[in-house]
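In what follows, a single structure is set out as structure tokens and then discussed.
Taken together, the values in this text are just the output of simple stated rules run on the coordinates, not laboratory data. This is a predicted model, so every value here is computed, not measured. Please note: Cβ atoms are built from the backbone with ideal geometry, for glycine as well, and neighbour counts cover all protein chains shown.
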Amino acid sequence: MQKLHPQGTLFFVFPQKAIAFNATTVKGVSFDFTLLSANSYVTFLSTLKSDGAIKVDSIAIGTEGKQVMLSKPIELFRDVKGSKRILRLESTFDKTLWQEVFSNQNTPLLIYYLSNGAKAIFQCLYDKQVRENYAMLFEMINASK
């Protein structure tokens, strides 16, 4: 989705879920991206669900065998819903590197490095339709420069 903004065009990737690839502490992740055409970075928002309290030291985005970007997140809020703990985070990533990861044929990975030394790895859903949607998004972003 895109909207006009006083500082350019605002692009928004609707919330998506990621599938646990190697995660025991974190039970679920959903994420979304916003990008303002005037900026050189992408804002990445993610919501983590866990059974207990967790602290995330950093977030990496990449593909299997290749970590492309690393960011220290800002904690937006914590909440409790039933037996689950909810943690909402915000990070920024370089726009060019983000496009590199999400235009690749390999499945993007989200890696959360926890303060206890553990890491939680999630795979983005990345079928043919999702890849085509990202390709269309990148065309619109590049056209708005």
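Check cross-link reach from Lys27 to the lysines: straight Cα distance under 22 Å, and skip same-chain residues fewer than eight apart.
Lys17, Lys49, Lys55, Lys72, Lys81, Lys84, Lys119
So, in nm, how far is label Arg131 from label Asn116 when the simple model puts each one 7 Å beyond its Cα toward the Cβ?
3.7 nm
Which label belongs to the value computed from this structure, given these candidates for Rg and Dmax of the Cα atoms in Å: [x] 17.1, 64; [y] 21.6, 67; [z] 15.2, 46?
Computed from these coordinates, Rg and Dmax of the Cα atoms in Å corresponds to label [z].
Could you work out the helix-only [θ] at 222 nm for the chain, with each DSSP H run of four or more residues adding -39,500 (n - 2.57) and the total divided by the number of residues, to the nearest 500 deg cm²/dmol? Show your work: numbers first, answer last.
Numbers: 2 runs with 24 residues, N = 145.
About -5000 deg cm²/dmol.
With r defined as the distance between the Cβ atoms of Val80 and Ser40 and R0 fixed at 35 Å, what FRET efficiency is calculated, to the nearest 0.05? If you can, show how the numbers build up before the last one.
Details: r = 37 Å, r/R0 = 1.05.
FRET efficiency, Val80 to Ser40: 0.45.
Based on the inverse mean of 1/r over its pairs of different Cα atoms, what is the Kirkwood hydrodynamic radius of the range 1-54, in Å? Numbers along the way, then the final one.
Details: mean 1/r = 0.0779 Å⁻¹.
About 12.8 Å, per the Kirkwood formula over Cα pairs.
Calculate the length of the line joining the C-alpha centroid of the range 1-17 to that of the range 18-39, in whole Å.
Cα centroid to Cα centroid, the span is 17 Å.
Calculate how steeply helix 128-143 sits against the longest principal axis of the alpha-carbon atoms of the chain, using the helix alpha-carbon long axis, and give the answer as 0 to 90 degrees to the nearest 10.
With both axes taken from Cα atoms, the answer is about 50 degrees.
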